[in-house]
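The values are calculated or read from the model by the stated rules, or taken from the named source; none is laboratory data. Treat the numbers as computed from the prediction; the structure is a model and nothing was measured. As a convention, Cβ positions derive from the backbone with ideal geometry for all residues, glycine included, and neighbour counts pool all protein chains shown. Keep in mind that these areas ignore ligands, DNA and RNA; they rest on the heavy atoms of the full protein, side chains included. Shrake-Rupley method; radii C 1.70, N 1.55, O 1.52, S 1.80 Å.
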Amino acid sequence: QVKLVESGGGLVQAGGSLRLACTASGSTFSSGYMGWFRQAPGKEREFVARIGWNGGIPYHADSVRGRFTISRDKAKNTMYLQMNSLKAEDTAVYYCAATRIATTTATMYDYWGQGTQVTVSS
């Protein structure tokens, strides 16, 4: 069983930055992928970015590419999402998730964190 805990959400003005973190514990896996998703009120959960736990090229959704950067620190069992140039439309609950395959489909992720709120004021 893998437990994921997000941190780093909050309130920020448009144009500002935040860094989210997701720490994994329990039966952490040595391979696979971790990803970030977000869900705004009344909308479906949306893929944001994913990264291979053992490396490879990170993948970002078009809506955040060039503004957000996903990374991970294997030694700390932690994944990050650096969010720059934030916009009001980035407001959502952000979730981290883990899967064994390279996918952007939420239903293919096996483990999820509880989510952290990001609010961008315009």
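Determine, yes or no, whether Gln39 is surrounded by fewer than 16 Cβ atoms within 10 Å (Cβ to Cβ), modelled with pLDDT of 95 or more and under 13 Å from the mean Cα position of the chain (by Cα).
Yes; evaluated as a whole, the condition is true for this residue.
For region 84-99, name all the residues that are assigned to a strand (DSSP E or B) and not hydroxyl-bearing (Ser, Thr, Tyr).
Ala92, Val93, Cys96, Ala97, Ala98
Yes/no per residue for (1) more than 20 Å from Val5 (Cα to Cα); (2) assigned to a strand (DSSP E or B); (3) touching a residue at least 60 places away in the same chain (Cβ under 8 Å); (4) out of contact with any Cys (no Cβ under 8 Å at 6 or more places or on another chain):
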{"residue": "Thr23", "(1), (2), (3), (4)": "no, yes, no, yes"}
{"residue": "Phe47", "(1), (2), (3), (4)": "no, yes, no, yes"}
{"residue": "Thr69", "(1), (2), (3), (4)": "no, yes, no, yes"}
{"residue": "Arg72", "(1), (2), (3), (4)": "no, yes, no, yes"}
{"residue": "Gln82", "(1), (2), (3), (4)": "no, yes, yes, yes"}
{"residue": "Ile101", "(1), (2), (3), (4)": "yes, no, yes, yes"}
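Could you tell me which residue of region 112-122 is modelled with the lowest pLDDT, considering only residues that are over 24 Å from Ile57 (Cβ atoms) and open to solvent by 40 Å² or more (accessible area, probe 1.4 Å)? Break it down into steps so the answer makes sense when it comes.
Residues of region 112-122 over 24 Å from Ile57 (Cβ atoms): 114-122.
Among the residues that remain, those that are also open to solvent by 40 Å² or more (accessible area, probe 1.4 Å) are: 114, 117, 119, 121-122.
Numbers: Gln114: 97, Gln117: 98, Thr119: 98, Ser121: 97, Ser122: 90.
Only one residue fits best here, namely Ser122.
Are any residues in region 25-45 farther than 21 Å from Thr105 by Cβ and in a strand (DSSP E or B), and if so, which ones?
Ser25, Gly26
Please find, among Val48, Val12, the residue that is within 17 Å of Lys87 (Cβ to Cβ) and under 12 Å from the mean Cα position of the chain (by Cα). Talk me through it step by step, then tell me what you get.
Numbers: Val12 fails: under 12 Å from the mean Cα position of the chain (by Cα).
Result: Val48 is the single residue among Val48, Val12 that is within 17 Å of Lys87 (Cβ to Cβ) and under 12 Å from the mean Cα position of the chain (by Cα).
Which of the residues belonging to region 90-113 are among the polar types (S, T, N, Q) and over 12 Å from the mean Cα position of the chain (by Cα)?
Listed by number, the residues that qualify are Thr91, Thr99, Thr103, Thr105, Thr107.
Okay, residues lined up against (1) more than 18 Å from Val120 (Cβ to Cβ); (2) out of contact with any Lys or Arg (no Cβ under 7 Å at 6 or more places or on another chain); (3) surrounded by fewer than 19 Cβ atoms within 10 Å (Cβ to Cβ):
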| position | (1), (2), (3) |
| --- | --- |
| Met34 | yes, no, no |
| Gly55 | yes, yes, yes |
| Gly66 | no, yes, yes |
| Ser85 | no, no, yes |
| Tyr94 | no, no, no |
| Thr105 | yes, yes, yes |
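If the requirement is being among the hydrophobic types (A, V, I, L, M, F, W, C) and modelled with pLDDT under 95, which of these qualifies: Ala49, Ala75, Ala21?
Only one candidate qualifies: Ala75.
Just checking, which of Gln13, Gln39 is within 14 Å of Ala97 (Cβ to Cβ) and either touching a residue at least 24 places away in the same chain (Cβ under 8 Å) or basic (Lys, Arg) (or both)?
The unique qualifying residue is Gln39.
Please verify whether Tyr109 is open to solvent by less than 30 Å² (accessible area, probe 1.4 Å) and either in contact (Cβ under 8 Å) with a residue 60 or more places away in the chain or touching a Lys or Arg at 6+ places or on another chain (Cβ under 7 Å) (or both), treating the condition exactly as stated.
yes
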